[in-house]
Each structure stands twice: as structure tokens, then as C-alpha cells.
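All remarks here apply to the structure that follows.
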Amino acid sequence: MAPMIATHGLHKRYGATHVLAGVDLAADDGTVLALLGPNGAGKTTLVNVLATLLRPDAGRALVGGYDVVREPQRARTVFSLTGQYAAVDDLLTGRENLRLMARLAHLPAATGRRRADELLDAFGLADAADRLVRTYSGGMRRRLDLAVSLLTRPRVIFLDEPTTGLDPRSRGDLWAVVRDVVAGGATVLLTTQYLEEADALADRVAVLDRGTVIAEGTAAELKRRVGPAHLELELADGSVRRLPTDGSVPDARRLLAEVEAAGLPVAHWRLATPTLDDVFLTLTGGAHGATAPALEEVPA
Ligand SMILES: Nc1ncnc2c1ncn2[C@@H]1O[C@H](COP(=O)(O)OP(=O)(O)OP(=O)(O)O)[C@@H](O)[C@H]1O
Ligand SMILES: [Mg+2]
């Protein structure tokens, strides 16, 4: 089965900046691919190429089997895009925004009204549905923007940092909606800087750094690359330190003894299994913050 989203050797330059430097990606039908990367990694650029908004300098990108450069109109029938910045009309209410977009998408009027109501409910906007979007909070606009992108039940959904700026509860709501649309057969590519988000939602995770995929796999595979665990120590003065460990009892004993021998009394300790944060720090070590060296202090 051909993947729903595929890129082969994608390149994009802005002057001297090689923003995409040969990106190969694939997402199978009905799965979530998370594109994880720091500011400036090229995430939005890649999404814009896939969404036919930006022409790559070289390479190919296919959505639903359609080449986004040669068959952009066809590709556009397959996907919806929710960009990094909310694109809703301030001078309409939430409900009006949804109904307007339903009309523009040629949904029958009754279907559009029903879909709008369903989505307002699903995104916790039912109470605010008849208020002007001008009066919405940032998180509410974001949720409305996402609701708009789901009106037509697209087969492929691009979400560029969908939960940036959302409070934990709204983030949870959004995760539930993503899981729903995927259970309904959609394929989702989402970009995120939240490692827990990739962990929670994605079947596969691609780590993008300076225009290159530096790692790709399941969250579990990526975590394994970092090693099994850290020993997290809280010292008597309340500071916290993390030491890489193989997780065995002798290793833990050795590390504790070393720390105490260095004159740092340990108040509490725990074994911390790797997070995607650790994966990211390890893979991009040096550029964005070195791999945690022994006894590096971390914020508690
Ligand atoms: N139109 C443009 N002209 C020049 N440089 C650009 C343009 N668009 C993006 N860039 C540069 O390309 C790089 C990647 O930008 P991009 O927006 O794709 O990053 P990102 O991973 O989405 O970052 P963020 O997490 O901040 O959204 C950045 O260095 C950015 O400055
Ligand atoms: Mg971006």
C-alpha cells in the first residue's frame, strides 16, 4: 500500500539558508506522523510544501498519491491544513465562521449546519458559538481554526503546532479529536515542539533539525536510542541532577556512591525512563544544548 503522505529528497533554500536539505518521510493511511523539531527546523516549510503553498526546489512530495507540484488541484481535494497561526474571521461568530467555510466547501446547507454544531461541541465552543470571534481567547480561536479544517472530513490533515498556546485541558480535547479523526480513517501529519504530544498521539515520529530528518521511528524506538534510563537525584540543598544509567542495581549503587563521595548528599532518588526530550537532546546534542553531562544540574 502506498503511503498517504510521502516526500522524497525534498529541498528548499532561502538564499544561503538550506531550510529543507533532503527530507524523506512517509505516513501510512490512518496513522499519525509527528514532526518534531525546534524553532526554525523547517517544520512549517515542509507542511507548506505538502499543502501546495510552497514549491520545493528539488525532490517530490505526494499526498494521497498526488504529486503536489504536478497535480496541486487533485492533491488539494485530499487534505486540509490548519496553519501555525489561526485563520478565522474576527467579525463573525464561531458558528458563522464554520457555516461560511462549510458553504465555501460546497457542503449541503443542512449538512454544514449539523457539522458546525457537532464540531462546536467537540471543541468545547458550544457556549461561545454565537459570540464574535474577536472576543475569543487565543486558545478558543485555535480550536475554532481546527474545527474549520475538519468540516469536510478530509482524508489527510496537516496540523502545524496545533496545541501551541492551548491550556492542558484544551490540549487534551484536541488530542481526543485527533484520535477520533484517525479512528475514522484519516491520516494526520502534525508538527509539534511538545515531545509528550508526539509520544501521546503519533504512530511514528520524525525528528527534524536544520532541514534534515535526524531520526525516525516509533516513540519507543527513539527512546531506546537514548539508553534505558536516568537516575534522578534530589540533593540535600533541593537541587536536582540526572545521571545516565543502564538501570541495573550495581550501576545505581555506583552512581549514588560517586555523588556522595563528591560531597553531594542525596536526599531522594528515582529512576526516570527516557522522555522524548531526552531523545531530542541526545540527537541534537551540541547544537541546541549538549547531551546531559554527568552531574549537570537540571531545573527541578
Ligand atoms: N519566506 C522565507 N524567507 C526566508 N527565510 C525563511 C522563509 N520562511 C522560512 N524561512 C527560514 O527557514 C527556516 C525554517 O523555518 P520554518 O518556519 O519552516 O521553521 P519551523 O520549524 O516551522 O519553526 P517554528 O517552530 O518556529 O515554527 C528558518 O530559519 C526561517 O527563518
Ligand atoms: Mg513553524
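The values are calculated or read from the model by the stated rules, or taken from the named source; none is laboratory data. Please read these numbers as outputs of a predicted model, since none were measured by experiment. Backbone-built Cβ (ideal geometry, glycine too); neighbour counts: all protein chains shown.
Brief remarks follow.
- Only residues that are modelled with pLDDT of 95 or more, under 16 Å from residue 147 (Cβ atoms) and part of a loop (DSSP other than H, G, I, E, B) were counted in the stretch 70-100, giving 1.
- Within the stretch 142-153, the residues that satisfy the criterion of being crowded, with 21+ Cβ neighbours inside 10 Å and either in contact with a Lys or Arg (Cβ under 8 Å, 6 or more places away or on another chain) or not hydrophobic (A, V, I, L, M, F, W, C) (or both) are 142, 143, 149, 151.
- Single residue of 60, 99 found to be assigned by TED's automatic domain parsing to the domain that holds residue 129, away from ligand 1 (no atom under 16 Å from the Cβ) and either of a type in the set (Val, Ile, Thr) or touching a Gly at 6+ places or on another chain (Cβ under 7 Å) (or both): 99
- A single member of 209, 173 is touching a Gly at 6+ places or on another chain (Cβ under 7 Å), assigned by TED's automatic domain parsing to the domain that holds residue 120, within 16 Å of ligand 2 (Cβ to nearest atom) and closer than 30 Å to residue 84 by Cβ, and it is 209.
- Residue ranges of strands (runs of 3 or more DSSP E) in the stretch 1-65 with at least 1 members touching a residue at least 40 places away in the same chain (Cβ under 8 Å) and over 20 Å from the mean Cα position of the chain (by Cα): 5-14, 17-27, 58-63
- Filtering the stretch 185-201 to residues that are within 27 Å of residue 281 (Cβ to Cβ) and either part of a helix (DSSP H, G or I) or more than 16 Å from ligand 2 (Cβ to nearest atom) (or both) leaves 188, 195, 196, 197, 198, 199, 200, 201.
- Restricting attention to the stretch 252-266 and to residues that are surrounded by 13 or more Cβ atoms within 10 Å (Cβ to Cβ) and in contact with a Leu (Cβ under 8 Å, 6 or more places away or on another chain), the residue that is nearest to residue 236 (Cα to Cα) turns out to be 266.
- Residue in the stretch 140-153 that is under 23 Å from the mean Cα position of the chain (by Cα), assigned by TED's automatic domain parsing to the domain that holds residue 178 and within 16 Å of ligand 1 (Cβ to nearest atom) present: yes
- Hey, residue 121 touching a residue at least 60 places away in the same chain (Cβ under 8 Å), assigned by TED's automatic domain parsing to the domain that holds residue 171 and among the acidic types (Asp, Glu) or not: no
- Within the stretch 211-235, the set of residues being assigned to a loop (DSSP other than H, G, I, E, B) and modelled with pLDDT of 90 or more comprises 211, 218.
- Here residue 94 qualifies as in contact with a helix residue (DSSP H, G or I) (Cβ under 9 Å, 6 or more places away or on another chain), more than 16 Å from ligand 2 (Cβ to nearest atom) and over 30 Å from residue 38 (Cα atoms).
- Scanning the stretch 147-184 for residues that are within 20 Å of residue 52 (Cβ to Cβ) and assigned to a helix (DSSP H, G or I) returns 148, 149.
- Extreme residue, surrounded by the fewest Cβ atoms within 10 Å (Cβ to Cβ), among residues of the stretch 175-216 that are free of Cβ contacts under 8 Å to residues at least 60 places away in the same chain and over 12 Å from the mean Cα position of the chain (by Cα): 183
- Only one of 195, 132 that is at negative phi, at pLDDT below 95 and in the same structural domain as residue 64 (by TED's automatic domain parsing): 195
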